[in-house]
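The block underneath contains the structure these notes are about, expressed in structure tokens.
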Amino acid sequence: MEKIVECIPNFSEGRDQKKLDQILEAITSAGVQLLDQEKDADHNRAVVTFVGEPEAALEAAFRGIKKASEVIDLTKHKGEHPRMGATDVVPFVPIKNMTPRECVELANRLAERVAGELKIPVYLYEDAARSPERKNLAAIRKGEFEGIRDEIKTNSARKPDYGPCEVHPTAGATVIGARFPLIAFNMNLETSDVAIAQKIAQAIRFGSGGFRHTKSLGFMLKEENRAQVSCNMTNYTKTPLYRVYNTVKREAERYGTHIKESEIVGLVPEEALIESAIYYLQLDRFDKNQILEYKLQGKGTKQSIMDFLHTLALARPTPGGGSVAALEAALGTALLSMVTGITVKKTNDQELIDSHGFLKITTYEFYKYIDKDKNAFDQVITGFKLPDESDEEKRRKEEVIQSAYKYAAQIPLEVCRKVMFVHPYAKHLAEKGLSNAISDVGVALFSLRSAFMGARVNVLINLKSITDNEFKHNVQTELDSLKKQEESSYEEIEKIFLTKL
């Protein structure tokens, strides 16, 4: 069972992209997937988000911390955001088949390695904290780098959970832990008076009587000459974004100002945004199953490309070639949709405007065939597992197997048909699409051809096992006809494409 953990290290560097690139290169060298990076010059801080299997995530986090300790000198660091380390904080978040306890174990393993190999003292926080007073990051970071540097040797309350009672000369100390998904939510005010932002932050943060799952500070954005209320939402299901936003809005009005804009730093769970939309539109009877993309993408069974590739690479009969053919068709159609969209912006071609929606819908439909093909052949496998001791059981088993083979042949046949529905749009784009996107049309065409050929051989392999000759004849006849159509259409579009290329 694949396990996926998310890690969101915060680095005390938001101005020098070359330094950040070195850190990112170190992280990705461990084989994790980089999801996002956000940097802020005023805060002089970067938030990086990556996901991976537990061991890869642990290694990636260590490599990032090590590189940060080499390129960031905290004695020269200045910024609005509180900090105590070159790598300031490293939380692990359970994403797939992971428990909070397993994330705590990862945090402890990473902390022990950072302290032992890099000589950086480490404090554990949130779910990994060993005492209640260390659950809160702000409490651990009080006094920041300079304050901790001066007290860590003599104040027992400052003793780290791992490592020496002495900060690293340039990398400081680091906080590592495990937690629920956090949302970094900022609201920029239409005022340069940072005192107002600080008063509002005090009113909403839990530590001073505000919302239970909100941590907040008031900052000055010097480049914009604007005050900011910066929040860490530690549990959006219990303290939603809209509730905090409304309170900040009302508080700002008390001081004669208002919110100019809000922002989310890094990634955000979609549920947090959906709940805010439901609140502001008063959609009291709204069901999340009404969301179009959920239906189109099969919400609940939706998987990422990374998930699919991981499953595909396992030693299992499904998913197989039929699913790959469906994915290739989806990729080719999505590319055509992209070229259509950017061409429409330049030309306002009505025919392309009309086709854009069709291509997007067809992309989602092809995507659904990835699971359809897998499920179809799973039925064949299930049929072969049925008992066959009596004559009746043998007859029933053969009926189930034959029915499953027919269905397994029909699914890739449908992919072949759908590919041919897309060809006219590929031709139109080859003729009228933007010239600087013609290579994308070519890649889309090649993807569609590969999808057609892959789906076709999956039809043929299943036909070999079907005993219904009439069914086999009808399918074979249609497949031969589709093959001739595809070859003719492909050659025509390729000629246009290569001429323009």
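The values are calculated or read from the model by the stated rules, or taken from the named source; none is laboratory data. Everything quoted here is computed from the prediction, not taken from an experiment. So basically every Cβ, Gly included, is an ideal-geometry build from the backbone, and we count neighbours across all protein chains shown.
Just one of the listed residues (Val400, Val380, Val459, Val443) is under 30 Å from Thr499 (Cβ atoms) and among the β-branched types (Val, Ile, Thr), namely Val443. The single condition among (1) assigned to a loop (DSSP other than H, G, I, E, B); (2) surrounded by 15 or more Cβ atoms within 10 Å (Cβ to Cβ); (3) of a type outside the set (Ser, Thr, Tyr) that Leu217 does not satisfy is (1). Picking from residues in segment 183-206 that are touching a residue at least 40 places away in the same chain (Cβ under 8 Å) and of a type in the set (Val, Ile, Thr), the one that is surrounded by the fewest Cβ atoms within 10 Å (Cβ to Cβ) is Thr191. The residues on offer are Ser355, Ser390, and the sole one that is small (Gly, Ala, Ser), closer than 30 Å to Lys432 by Cα and in the same structural domain as Leu482 (by TED's automatic domain parsing) is Ser355. If the condition is being surrounded by fewer than 18 Cβ atoms within 10 Å (Cβ to Cβ) and either outside any helix (DSSP H, G or I) or touching a residue at least 12 places away in the same chain (Cβ under 8 Å) (or both), then segment 380-393 contributes Ile381, Thr382, Phe384, Lys385, Leu386, Pro387, Asp388, Glu389, Ser390.
Listed here are the residues, each with its yes/no results for (1) surrounded by 15 or more Cβ atoms within 10 Å (Cβ to Cβ); (2) among the small types (Gly, Ala, Ser).
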{"position": "Asp440", "(1), (2)": "yes, no"}
{"position": "Asn474", "(1), (2)": "no, no"}
{"position": "Leu479", "(1), (2)": "yes, no"}
{"position": "Ser488", "(1), (2)": "no, yes"}
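Could you name every one of the strands (runs of 3 or more DSSP E) located completely within segment 1-108 that has at least 1 residues being in contact (Cβ under 8 Å) with a residue 60 or more places away in the chain, in contact with a Pro (Cβ under 9 Å, 6 or more places away or on another chain) and of a type in the set (Asp, Glu)?
On the way: elements: 4-7, 33-40, 45-52, 87-96.
Here the list reads 4-7, 87-96.
Confirm whether Phe180 is aromatic (Phe, Trp, Tyr), surrounded by 17 or more Cβ atoms within 10 Å (Cβ to Cβ) and more than 23 Å from Ile72 (Cβ to Cβ).
Values: aromatic (Phe, Trp, Tyr): yes; surrounded by 17 or more Cβ atoms within 10 Å (Cβ to Cβ): yes; more than 23 Å from Ile72 (Cβ to Cβ): yes.
So Phe180 fits the description; yes.
Grab the helices (runs of 4 or more DSSP H) fully contained in segment 263-357, keeping just those with 2 or more residues being modelled with pLDDT of 90 or more and closer than 30 Å to Val32 by Cα. First the steps, then the outcome.
On the way: elements: 270-280, 292-297, 305-312, 321-347.
Where helices (runs of 4 or more DSSP H) fall fully within segment 263-357 and carry at least 2 residues being modelled with pLDDT of 90 or more and closer than 30 Å to Val32 by Cα, they are 270-280, 321-347.
Please state which of the following conditions Thr237 fails to meet, knowing it meets all the rest: (1) farther than 24 Å from Leu35 by Cβ; (2) in a loop (DSSP other than H, G, I, E, B). Single failed check for Thr237: (1). Within segment 172-191, the set of residues being part of a loop (DSSP other than H, G, I, E, B) and modelled with pLDDT under 95 comprises Arg179, Phe180, Pro181, Leu182.
Would you check if Val457 is of a type in the set (Val, Ile, Thr) and within 25 Å of Leu359 (Cβ to Cβ)? So that I can check it myself, show each step before the final result.
On the way: of a type in the set (Val, Ile, Thr): yes; within 25 Å of Leu359 (Cβ to Cβ): no.
No; evaluated as a whole, the condition is false for this residue.
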